[in-house]
Amino acid sequence: MNWPDTTLNAIQSREDLADFLTELARKVREGELSVENATTDSFVDSAGRWARSMDGFFMNVIKEPVPETPDWSMIAAIFRAALVYE
């Protein structure tokens, strides 16, 4: 898959995902990222909504259908999208 964010393209393993999530949390904690979903319940709800509606993102941005089997980078993309940061 070719994500528009090269950070996501680099995630190939469980260890890469763990590093990505740890760094994402650090950026949020230190105020480097602006987030809209700062509470746990809003974050989880947003992740679920994005996962349910990602067909549009894939068709419009990735230009491919959503893969039947997610990979580590897709999991990272769901976490990132749920935060809604710039």
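The values are calculated or read from the model by the stated rules, or taken from the named source; none is laboratory data. On a predicted model such as this, the values are computed, not experimentally measured, just so you know. All accessible areas refer to the heavy atoms of the entire protein, side chains included, with ligands and DNA or RNA removed. Shrake-Rupley method; radii C 1.70, N 1.55, O 1.52, S 1.80 Å.
Descriptive notes on the structure:
- Among the residues making up segment 5-22, those that are modelled with pLDDT under 95 and open to solvent by 50 Å² or more (accessible area, probe 1.4 Å) are THR6, THR7.
- Scanning segment 45-76 for residues that are charged (D, E, K, R) and in a helix (DSSP H, G or I) turns up ASP45, ARG49, ARG52, ASP55.
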